[in-house]
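Written out below as structure tokens is the structure these notes cover.
The values are calculated or read from the model by the stated rules, or taken from the named source; none is laboratory data. The model shown is predicted, which means the values in this text are computed figures rather than measured ones. Cβ placement follows ideal geometry from the backbone for every residue including glycine, while neighbour counts extend to all protein chains displayed. To get the accessible areas, we keep the full protein, side chains included, count just its heavy atoms, and leave off ligands, DNA and RNA. Shrake-Rupley method; radii C 1.70, N 1.55, O 1.52, S 1.80 Å.
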Amino acid sequence: MARIAVVVGSTREGSFNRALGRLAVRALEGQGAAVTHVDLSGFDLPLYSAALEAKAFPPDALRLKEIFAAQDGLLFVSPEYNGSVSPLLKNAIDWASRPTGEESLVALAAYRGKASAVMSASISPFGGLRGLMHLRQILSTIQTLVIPEQVLVPNAHTAFDAEGNLVETLPATLVDMTAARLVAVARALSA
Ligand code: FNR
């Protein structure tokens, strides 16, 4: 069974990306994955600093890293902030990329060899596309294999119905297609 973590780059009450993340969890479970929903509001992650790291690696950064390391695939759902990913998400990705214990600088135990996928909901008509292009580049840099499918939800303020489902067929179909491919690639990479 493929183990997939879903990480949402917003902790905002009423966040559209959290709503999208919930749909992604359901779609991944529908594909038979064992899903871990990583709610970043439950992690005390200070802004990365080398001085802080040298003093003591934050316990929640280590907890996050260990959760990532235990997965076969990672799905990131991020808002777009000024054309890039949210600082909340980037900081979490950065902490989990750091070596701990006796690891070498380039070990990337949380990421290397895993499949990854990206989704974004945005109030703009472009659906967070620029942010996802940055996110793809970041995920490639840390040596995950980013699948080609992705989900953009434009006009997010009108995109969800009262039950939290997507009103339009296209993004809803893409959630399923992205989940299916992520599970298939994660399985293949971990075999
Ligand atoms: C935004 N937002 C935004 N949206 C977008 O499509 N492109 C952008 O470049 C930005 N830039 C941006 C910067 C900052 C600092 C904030 C706070 C917001 C709007 C953003 O898409 C909107 O607030 C979403 O609702 C955020 O996602 P959640 O919290 O609903 O998941």
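Quick one: which of GLY30, GLY9, GLY73 is within 17 Å of ALA115 (Cα to Cα) and in contact (Cβ under 8 Å) with a residue 24 or more places away in the chain?
That would be GLY73, the only listed residue that is within 17 Å of ALA115 (Cα to Cα) and in contact (Cβ under 8 Å) with a residue 24 or more places away in the chain.
Report the residue count in the stretch 1-21 for those that are within 16 Å of the ligand (Cβ to nearest atom) and either surrounded by fewer than 17 Cβ atoms within 10 Å (Cβ to Cβ) or at pLDDT below 95 (or both). Can you show your working first?
Let us first name the residues in the stretch 1-21 that are within 16 Å of the ligand (Cβ to nearest atom), namely 6-21.
So of that shortlist, the ones also either surrounded by fewer than 17 Cβ atoms within 10 Å (Cβ to Cβ) or at pLDDT below 95 (or both) come out as 11-14.
Qualifying residue count, the stretch 1-21: 4.
Looking at ARG130, ARG112, ARG136, which is the one that is under 11 Å from the mean Cα position of the chain (by Cα) and without any contact (Cβ under 8 Å) to a residue 60 or more places away in the chain?
ARG136
State which residue is surrounded by the fewest Cβ atoms within 10 Å (Cβ to Cβ) when the search covers only the stretch 68-94 and only residues that are more than 16 Å from the ligand (Cβ to nearest atom) and within 26 Å of LEU152 (Cα to Cα). Before the answer, list the steps.
Going residue by residue through the stretch 68-94, those that are more than 16 Å from the ligand (Cβ to nearest atom) are 68-74, 93-94.
With the extra rule that they be within 26 Å of LEU152 (Cα to Cα), the set shrinks to 68, 71-74, 93-94.
Details: PHE68: 23, GLN71: 25, ASP72: 23, GLY73: 29, LEU74: 29, ILE93: 25, ASP94: 16.
In this case the residue turns out to be ASP94.
Quick one: would you say ILE142 is touching a Leu at 6+ places or on another chain (Cβ under 8 Å) and within 18 Å of ALA69 (Cβ to Cβ)?
Numbers: touching a Leu at 6+ places or on another chain (Cβ under 8 Å): yes; within 18 Å of ALA69 (Cβ to Cβ): yes.
It is true that ILE142 is touching a Leu at 6+ places or on another chain (Cβ under 8 Å) and within 18 Å of ALA69 (Cβ to Cβ).
Give the stretch 45-66 a look and list any residue that's open to solvent by 40 Å² or more (accessible area, probe 1.4 Å) and under 22 Å from THR144 (Cα atoms), or say none.
TYR48, LEU62, ARG63, GLU66, listed by residue number.
What is the one condition in (1) under 21 Å from LEU132 (Cα atoms); (2) more than 14 Å from the chain's Cα centre (by Cα); (3) of a type in the set (Lys, Arg) that LYS90 does not satisfy?
(2)
Grab the helices (runs of 4 or more DSSP H) fully contained in the stretch 77-191, keeping just those with 2 or more residues being modelled with pLDDT under 95. Steps first, answer last, please.
Details: elements: 87-96, 129-141, 169-190.
Output list is empty.
Among the candidates ALA61, ALA19, single out the residue that is outside any strand (DSSP E or B), touching a Gly at 6+ places or on another chain (Cβ under 7 Å) and of a type in the set (Gly, Ala, Ser).
ALA19
Would you mention how many residues in the stretch 146-169 are within 24 Å of ALA92 (Cβ to Cβ) and buried (at least 19 other Cβ atoms within 10 Å of the Cβ)?
Total meeting the criteria: 7.
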